[in-house]
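To start, the structure under review is shown below, and the notes come after it.
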Amino acid sequence: MTTTTAIPLAELGGRRPDGAGSVQVQMDPTVQIGTAKCFAIYGKGGIGKSTTSSNLSAAFSKLGKRVLQIGCDPKHDSTFTLTKRMLPTVIDVLETVDFHAEELRVEDFVYEGYNGVMCVEAGGPPAGTGCGGYVVGQTVKLLKEHHLLEDTDVVIFDVLGDVVCGGFAAPLQHADRAMIVTANDFDSIFAMNRIVQAIGAKAKNYKVRLGGVIANRSAATDQIDKYNERIGLKLSAHFPDLDVIRRSRLKKSTLFEMEASPELERVQQEYLRLAASMWLGGEPSEAVPMKDRDLFDLLGYD
């Protein structure tokens, strides 16, 4: 039934194909995204990944692209500004049919949001049990079986906070590019450095590459710039800490639905520019993550 399995290292003959962990999440190699361009959005918990992902999905749709956003967080709040509601998760829906996926209809787990963006909330296993990689695998398998990926230009995975295990790194096994959302502070950049490590591990065996950095909720980017220069990363977009962005979440709206203002138009244009740049692709970043101690010395207190 599952498309992912956690395989003990001993059963892999001592091999560590996706990094140095003792347990790896292995995806079914027959389940592929297809021709759509796939992006995975990562970053420190609470940094604004869902806001970024949803507005990015809206921007892609404004460029005429057929977009599918997949929320990969048990909170299942990735798409609520697109749909104006909290969607049931794939895991919730599978549970109602005793995990007989063949009994599900498309409308049971895919919902249309703002400007035609299709929305799915993968959800997650109950706290302390299961694996997030299994959830991602089941979601992609369902989308593939219902031929939804064939009519999609862009897939965006909005992924739970910090990378803590192979399960939450599973979207990297489907993505073309991974984008990191960060603020201009030590904790956010520390999490970003760990995510760079995870992307590098997955890039050894999968097509995913590091796309760039999105500065969010930050008036300045000096600390981000210092880190990027040291490891070979690039800043792809910058969204300052604006009240209009906060209010858009409260109104359950994307930024493209808010009342017009010069400040809002600048943010909208930055999202459109970012979406266009991501669509065109370009050379990936060949970043080399730092050791924790070196990062502390670079950005920490004297």
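The values are calculated or read from the model by the stated rules, or taken from the named source; none is laboratory data. Bear in mind that the values here come from a model prediction, so they are computed numbers and not experimental data. No Cβ is skipped: glycine too gets one built from the backbone with ideal geometry, and neighbour counts run over all protein chains shown. The area values use the complete protein model at the heavy-atom level, side chains included, leaving out ligands, DNA and RNA. Shrake-Rupley method; radii C 1.70, N 1.55, O 1.52, S 1.80 Å.
Structure notes:
- Using the 1.4 Å probe convention, the accessible area of region 245-302 works out to 67 Å² per residue with neighbouring protein chains retained.
- Accessible surface of region 53-164, 1.4 Å probe: 52 percent of it comes from carbon and sulfur atoms.
- Taking a straight Cα-Cα cut-off under 17 Å and skipping sequence neighbours fewer than 8 places away in the same chain, the lysines within cross-link reach of LYS252 are LYS49, LYS75, LYS84.
- Protection proxy ranking of 112-122, 53-63, 249-259, by the mean of other Cβ atoms within 10 Å over each peptide's residues and highest first, is 53-63, 112-122, 249-259.
- The residues of region 139-227 expose on average 33 square angstrom of accessible surface per residue, using a 1.4 Å probe on protein heavy atoms.
- Label-point gap, in nm, between GLU107 and LEU63 - each point 7 angstrom along Cα→Cβ: 3.2
- Only protein atoms count toward the accessible area here, which uses a 1.4 Å probe; on region 184-240, the carbon and sulfur part of that area reaches 46 percent.
- Set LYS144/LYS251; LYS202/LYS251; LYS141/LYS204; LYS144/LYS291 screened for pairs whose C-alpha atoms are more than 29 Å apart: LYS144/LYS251; LYS202/LYS251; LYS144/LYS291
- Here the peptides 272-281, 42-51 are ranked by packing, the mean other Cβ count within 10 Å, and the order with the highest first is 42-51, 272-281.
- Computed from the C-beta positions of THR35 and VAL97, the FRET efficiency with R₀ = 30 Å rounds to 0.50.
- With all protein chains modelled, accessible area of ARG66 [1.4 Å, Å²]: 120
- Under the Karplus curve 6.51 cos²θ - 1.76 cosθ + 1.60, θ = phi - 60°, whole-Hz ³J(HN,Hα) for region 180-186, x wherever Gly or Pro sits: 10, 9, 8, 9, 8, 9, 4
- Converting phi to 3J(HN,Hα) with the Karplus coefficients 6.51, -1.76 and 1.60 and the offset θ = phi - 60°, region 268-279 yields 4, 5, 5, 5, 5, 5, 4, 4, 5, 5, 5, 5 Hz in sequence order, with x at every glycine or proline.
- Applying a threshold of 18 Å to the alpha-carbon distances of LYS37/LYS62; LYS37/LYS207; LYS65/LYS234 flags LYS65/LYS234 as lying beyond it.
- Shape of region 218-302 from the C-alpha gyration tensor: oblate (a/c of 1.5 or more and a/b not above b/c, with a ≥ b ≥ c the square roots of its eigenvalues).
- With all protein chains kept in place, the per residue accessible area of region 68-136 amounts to 43 square angstrom at a probe of 1.4 angstrom.
- Residues whose amide H lies under 5 Å from that of THR221, counting only those 5 or more places away or on a different chain, are absent; hydrogens are built 1.01 Å from N in the peptide plane.
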